[in-house]
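This report refers to the structure that appears directly beneath it.
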Amino acid sequence: MRHLTLTAALCALTATPALAQDARELSFESTELRGGVVMLVTNAAGNLAVLPGEDGVLLVDDQLPGTGPQVEAAIAMHAEDGVPRFILNTHWHGDHTGSNAHFAAQGTTVVAHDNIRVRLADAEDAWAQDGQILPLLTFGHDITFHMNGQTIEVMHVPHAHTDGDAFVYFREADVLHMGDVMFNQRFPYIDLGSGGSVDGYLAAMSMALEMAGDETQIIPGHGPLATRADIENSIVMLTAARELVRAEVEAGLTLDEILAADPLAGLTEEWSWGFICTPRMTALLYNDLNGSTETWPDGMTCG
C-alpha cells in the first residue's frame with residue numbers, strides 16, 4: 001500500500017496551499033545548548049539539532065524539500081563544513097526528511113529506523129521520488145553514535161507519532177531530541193495513518209519523562225526548547241483531552257455531535273494552533289478511540 005498522507009500534512013504544517021520544491025525561504029534561529037549541541041529552529045518546519053566537531057557534523061532531521069542549500073548554510077555558521085557526515089531522521093514526514101537527497105548526493109550517510117525507509121519508499125509525493133532520499137543505514141530498535149565527545153543514543157519508540165519515531169539523547173550534554181513525539185505547548189499531531197496512536201504517544205512521552213532530569217534540555221519536533229515540566233504538562237493535557245472525548249463516545253455521540261459539543265473548549269486557548277486546532281484534535285482523538293486510521297475527515301481545516 002502506498003501512502004498519500006504526507007502531502008496534506010506537510011502543506012498544512014508549512015501553512016502553504018501547495019508545496020513547491022523551491023518555494024520556501026527559511027529563517028533560522030540558533031540556540032547553543034550544552035556539549036556543543038546547537039538547536040536550529042526555522043519559520044517553517046521541524047526543529048533540528050546539530051553536533052559539529054572534528055569527527056564531522058551529526059544533524060538530526062533536515063527540513064523541507066528544496067531547502068537543502070539553506071540548511072547547509074545554516075550548519076556552516078556553526079561548523080567548518082555545512083555538509084553533515086551523518087543525518088539522523090526522527091521520523092518519515094517531509095518537514096524532517098526533505099533534504100535527505102540533497103545531502104546524500106554530497107556524501108552524507110542518512111540513518112533512520114527501518115520503517116522510515118519503508119514509508120519513504122512507498123510515498124507517492126513527487127519530492128520523495130529521488131532514490132537518494134532513502135536512508136542508507138537503518139536500525140530496528142536502537143543505534144549509538146560516538147562523535148565529538150558525545151555518546152548519542154538513538155531509541156525507537158513504537159506507534160507514537162508514527163511507527164518509525166526515534167528519540168535522540170546526547171548523553172554527556174544531557175540533551176534530548178524527541179522529534180514529533182513532542183509538540184511543545186500545543187496540541188500534537190498523531191499520524192494514525194502512519195502507525196501512530198494516542199496510547200503509543202503517551203507511552204513514548206512517559207518514557208521521555210523517565211529519561212529526563214530537571215536540567216535536561218529537550219528539543220521538541222515543533223515549538224520552543226522544552227523542559228521536563230513541559231513533557232509533564234503535555235501528558236496531562238493529552239490524557240485529559242482523550243478522556244473528555246471518550247466520555248462523549250461512550251455516550252453514543254457521533255463525531256459531528258461531539259464537534260458541536262466542543263468538549264475540548266477549555267483547552268483551546270492554551271493548546272490550539274494553526275495545524276492542530278481544537279476540531280482537528282477532537283476528531284483525531286475520536287478516530288483513535290474508534291480504531292480508525294483516518295486522522296480527521298477529509299476537508300477538515302483550521303481556517
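Summed over region 277-293, residues that are among the acidic types (Asp, Glu) and farther than 14 Å from Glu248 by Cα total 0. The residues of region 17-34 that are part of a loop (DSSP other than H, G, I, E, B), at pLDDT 50 or above and either surrounded by 13 or more Cβ atoms within 10 Å (Cβ to Cβ) or touching a strand residue (DSSP E or B) at 6+ places or on another chain (Cβ under 6 Å) (or both), listed by number, are Ala23, Arg24, Leu26, Leu33. Taken together, Thr227, Thr254, Thr268, Thr239 contain a single residue that is surrounded by fewer than 18 Cβ atoms within 10 Å (Cβ to Cβ), without any contact (Cβ under 8 Å) to a residue 40 or more places away in the chain, in contact with a strand residue (DSSP E or B) (Cβ under 8 Å, 6 or more places away or on another chain) and more than 29 Å from Arg117 (Cα to Cα), which is Thr227.
The residues in region 52-93 that are farther than 16 Å from Glu32 by Cβ, assigned to a loop (DSSP other than H, G, I, E, B) and either of a type in the set (Val, Ile, Thr) or within 22 Å of the chain's Cα centre (by Cα) (or both) can be counted, and the count is 15. Collect the residues in region 35-51 that are closer than 19 Å to His102 by Cα, polar (S, T, N, Q) and at pLDDT below 95, keeping them in residue-number order. Residue satisfying the conditions is Thr42 alone. Right, Leu10: at pLDDT below 95, under 14 Å from the mean Cα position of the chain (by Cα), under 25 Å from Ile116 (Cα atoms) and not polar (S, T, N, Q) or not? Considered against the rule, which asks whether it is at pLDDT below 95, under 14 Å from the mean Cα position of the chain (by Cα), under 25 Å from Ile116 (Cα atoms) and not polar (S, T, N, Q), Leu10 comes out as yes. Can you confirm whether Ala173 is under 21 Å from Glu215 (Cβ atoms) and either among the hydroxyl-bearing types (Ser, Thr, Tyr) or not in a helix (DSSP H, G or I) (or both)? It is true that Ala173 is under 21 Å from Glu215 (Cβ atoms) and either among the hydroxyl-bearing types (Ser, Thr, Tyr) or not in a helix (DSSP H, G or I) (or both). Among the conditions (1) at pLDDT 95 or above; (2) out of contact with any Pro (no Cβ under 8 Å at 6 or more places or on another chain); (3) closer than 23 Å to Leu192 by Cα, Ala126 misses just one, which is (1).
Screening Ala45, Ala79 for residues that are in contact (Cβ under 8 Å) with a residue 24 or more places away in the chain, more than 17 Å from Gln217 (Cβ to Cβ), in contact with a Leu (Cβ under 6 Å, 6 or more places away or on another chain) and not aromatic (Phe, Trp, Tyr) leaves exactly one candidate, Ala45.
The values are calculated or read from the model by the stated rules, or taken from the named source; none is laboratory data. This structure is a prediction, so every number in the text was calculated from the model and none was measured. Ideal geometry is used to build each Cβ from the backbone, glycine not excepted, and the neighbour counts take in all protein chains shown.
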